[in-house]
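Peer 1: Structure incoming, see below.
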Amino acid sequence: MFQYEKALAEKEVRLIFPGAIYSVSDGGIQVHIDHDKYNINDLLKLTYFKSIEWDGHEELTYQALKEASCPKVGAQKKQSTRYGAHGLHEYKGKFNPQIVSSIINLCGIKQGDKILEPFCGSGTTLYEAMLNGISSDGFDYNPLACFLSNAKVSSFRISGSELLKYAEAVLLYCEENSHNIVIENDERSEYLSRWLDIKYLKIFECLLKTASKMIDDDHIRNVFLSICSNNIREYSLQEPADLRIRRRSSPYPDIDVLTKIKKSIAEVALSIDAIKKIQQNKNIEINTNSHNIDIRDKKGLVNYHGYDAAITSPPYATALPYIDTQRLSLIWLGLATPKEVKLLENSLIGSRELTKKEEKILREELKENKNQIKDELHELCNDMLTSLGSEDGFRRQAMPFIVYRYFSDMQRMFKNVFSMLNSNGSFALVVGHNQTTLGGKLFDLDTPTYLKMIAEENGFTSVDDIKLDVYKRYDLHKANSINSERLLILRKKD
Ligand SMILES: C[S@@+](CC[C@H](N)C(=O)[O-])C[C@H]1O[C@@H](n2cnc3c(N)ncnc32)[C@H](O)[C@@H]1O
């Protein structure tokens with residue numbers, strides 16, 4: 001286990017079982033609990049323990065069962081983060097499900113409670129909460145995020161064999177008929193044909209059309225389309241591993257696209273059946289939904305309230321270009337037009353894009369601190385502004401305004417989450433640092449501390465601040481990701 005996992009393990013135990021004797025040795029961690037005083041089900045909820053022994057019995061924890069349910073890929077022995085539908089689709093900045101499970105324990109969230117996820121991305125929190133019998137609402141401004149989150153939940157309503165049956169029929173049809181597909185003459189097809197070789201374009205269009213015709217169950221269709229979407233960039237003219245859109249220089253995968261999709265479907269089918277099997281006697285909470293709403297939009301959120309806790313990993317101050325690498329999926333699935341995609345990227349919190357017009361407005365706002373962010377943070381942005389030198393390129397020139405906009409947006413988010421939470425509700429955030437150099441001066445942007453300051457200005461108290469050493473959300477851009485992130489636990493003041 002990593003150091004942070006050991007720390008979280010101990011915190012969970014001390015919180016749930018205050019009287020436990022806790023010892024750490026080379027052989028691992030042992031916890032001795034007077035079991036007359038505790039319910040065995042509470043013990044089985046622990047995230048970082050493999051099993052519980054009592055009176056000669058041994059039982060695997062629920063987390064160990066979930067991880068073991070994941071069909072092993074090769075000889076991989078690492079902790080599984082892709083059990084159930086967690087591995088359905090790649091997503092930038094996705095966090096690992098174990099963290100969610102641990103936060104649920106640390107915040108004392110229990111079955112029957114309702115969680116809010118303000119930046120749900122591909123739905124790790126929603127899906128993991130669902131597996132733990134907790135209902136949730138997620139919000140994301142990116143429609144692909146909502147599509148994928150909802151597809152993960154859908155996967156719980158279907159069986160692997162049904163998915164396989166429908167998928168095989170669609171794949172067979174496409175194998176025989178995709179060459180006959182007529183490509184429309186519209187903005188969408190024009191965009192797609194710029195980035196997909198005609199052979200692959202016809203295959204993906206055939207998959208979409210045939211799935212719409214042959215799969216009338218929305219849940220099965222959306223899981224199927226998510227799997228296809230997860231493969232589209234691999235077979236496109238974009239360099240698949242690149243964070244920005246660049247022309248492909250690497251060869252196409254050796255495996256033919258329909259065979260690859262078929263393989264992915266078989267894996268997902270196994271995973272979703274396996275997770276359902278271990279859930280048989282458990283309460284599953286399917287009352288889980290992702291909504292395509294901007295978390296800054298107070299009016300749009302008016303019907304959502306009464307949450308017991310919030311869990312999230314928000315965007316960084318200068319976020320990854322989330323949308324860029326998802327353009328093909330967004331457009332292929334018809335979730336956005338090519339024009340909308342550009343607007344979407346610019347309007348996400350943490351966006352690095354800044355138009356001249358926006359810069360002018362933000363310059364004024366920053367001067368007077370119109371958005372009333374905390375004085376220290378306002379000073380930091382001013383310091384960044386005065387440090388700029390003529391050698392700084394356009395991205396750096398924009399940095400003070402982008403950071404000011406980020407703080408202002410996060411303040412709006414905190415205010416909205418505050419009004420959506422019940423009193424005393426917890427709010428857990430996993431967030432990391434950024435760095436930037438302006439005019440030769442290094443700015444270490446300690447985003448976790450800044451967010452804590454904003455939260456405290458807006459009605460939250462800080463309960464815990466835990467360093468997650470070596471914790472890395474997979475897919476984070478190396479230059480952007482610093483080895484450590486922090487888990488902040490806040491509480492809404494009465
Ligand atoms: C770090 S990702 C979350 C990833 C997620 N934890 C997962 O496991 O997939 C941050 C998310 O914030 C979303 N986002 C950015 N601005 C937003 C806004 N104004 N309202 C709602 N979501 C937003 C992005 O689209 C992105 O999906």
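The values are calculated or read from the model by the stated rules, or taken from the named source; none is laboratory data. What you are looking at is a predicted structure, and each value in this text was computed from that prediction instead of being measured. Virtual Cβ from ideal backbone geometry, glycine too; neighbours counted across all protein chains shown. Please note that ligands, DNA and RNA were not included when accessible areas were found on the heavy atoms of the full protein model with its side chains. Shrake-Rupley method; radii C 1.70, N 1.55, O 1.52, S 1.80 Å.
Peer 1: Take Val430 and tell me if it is touching a residue at least 12 places away in the same chain (Cβ under 8 Å), more than 15 Å from Arg352 (Cα to Cα), in contact with a helix residue (DSSP H, G or I) (Cβ under 7 Å, 6 or more places away or on another chain) and of a type in the set (Val, Ile, Thr).
Peer 2: Details: touching a residue at least 12 places away in the same chain (Cβ under 8 Å): yes; more than 15 Å from Arg352 (Cα to Cα): yes; in contact with a helix residue (DSSP H, G or I) (Cβ under 7 Å, 6 or more places away or on another chain): yes; of a type in the set (Val, Ile, Thr): yes.
It is true that Val430 is touching a residue at least 12 places away in the same chain (Cβ under 8 Å), more than 15 Å from Arg352 (Cα to Cα), in contact with a helix residue (DSSP H, G or I) (Cβ under 7 Å, 6 or more places away or on another chain) and of a type in the set (Val, Ile, Thr).
Peer 1: Might you let me know whether the stretch 210-222 holds any residue that is at pLDDT 95 or above and within 16 Å of the ligand (Cβ to nearest atom)?
Peer 2: no
Peer 1: On to the next question. Provide a single number: the residues in the stretch 284-302 that are exposed (fewer than 12 other Cβ atoms within 10 Å of the Cβ) and farther than 26 Å from Asn222 by Cα.
Peer 2: Summing the residues that are exposed (fewer than 12 other Cβ atoms within 10 Å of the Cβ) and farther than 26 Å from Asn222 by Cα in the stretch 284-302 gives 2.
Peer 1: Check whether at least one residue in the stretch 178-194 is within 14 Å of Tyr235 (Cβ to Cβ), of a type in the set (A, V, I, L, M, F, W, C) and not in a helix (DSSP H, G or I), and report yes or no.
Peer 2: No: zero hits.
Peer 1: Does the stretch 350-370 contain any residue that is within 13 Å of the ligand (Cβ to nearest atom), modelled with pLDDT under 95 and in contact with a Phe, Trp or Tyr (Cβ under 7 Å, 6 or more places away or on another chain)?
Peer 2: yes
Peer 1: Among what's in the stretch 303-345 and is in contact (Cβ under 8 Å) with a residue 12 or more places away in the chain, over 25 Å from Leu487 (Cα atoms) and polar (S, T, N, Q), pick the residue that is most open to solvent (accessible area, probe 1.4 Å).
Peer 2: Residue satisfying both the conditions and the ranking: Thr337.
Peer 1: Quick one: would you say Glu184 is of a type in the set (D, E, K, R) and within 15 Å of the ligand (Cβ to nearest atom)?
Peer 2: Against the criterion (of a type in the set (D, E, K, R) and within 15 Å of the ligand (Cβ to nearest atom)), Glu184 does not qualify.
Peer 1: Away from the ligand (no atom under 16 Å from the Cβ), free of Cβ contacts under 8 Å to residues at least 60 places away in the same chain and under 22 Å from the mean Cα position of the chain (by Cα): is that true of Glu234 in this structure?
Peer 2: Yes, satisfied.
Peer 1: Within the stretch 76-123, which residues are closer than 26 Å to Lys6 by Cβ, small (Gly, Ala, Ser) and surrounded by 21 or more Cβ atoms within 10 Å (Cβ to Cβ)?
Peer 2: Result: Ser80, Gly84, Gly93, Ser101, Ser102.
Peer 1: What number of residues within the stretch 193-216 are open to solvent by 50 Å² or more (accessible area, probe 1.4 Å) and among the acidic types (Asp, Glu)?
Peer 2: Counting residues in the stretch 193-216 that are open to solvent by 50 Å² or more (accessible area, probe 1.4 Å) and among the acidic types (Asp, Glu) gives 2.
Peer 1: Still on this structure, please answer the following. Identify all residues within the stretch 302-322 that are more than 10 Å from the ligand (Cβ to nearest atom), farther than 13 Å from Ser347 by Cα and of a type outside the set (Phe, Trp, Tyr); write none if there are none. Even if it seems obvious, please write down each step before you answer.
Peer 2: As a first pass, look at the stretch 302-322 and keep what is more than 10 Å from the ligand (Cβ to nearest atom): 302-310, 317-318, 321.
Narrowing further to those that are farther than 13 Å from Ser347 by Cα: 302-310, 317.
The answer is Val302, Asn303, His305, Gly306, Asp308, Ala309, Ala310, Ala317.
Peer 1: Still on this structure, please answer the following. Taking Arg247 and the conditions (1) open to solvent by 60 Å² or more (accessible area, probe 1.4 Å); (2) more than 16 Å from the ligand (Cβ to nearest atom); (3) out of contact with any strand residue (DSSP E or B) (no Cβ under 8 Å at 6 or more places or on another chain), which numbered condition does it fall short on, given that it satisfies the others?
Peer 2: Evaluating Arg247 over (1) open to solvent by 60 Å² or more (accessible area, probe 1.4 Å); (2) more than 16 Å from the ligand (Cβ to nearest atom); (3) out of contact with any strand residue (DSSP E or B) (no Cβ under 8 Å at 6 or more places or on another chain) leaves (3) as the failure.
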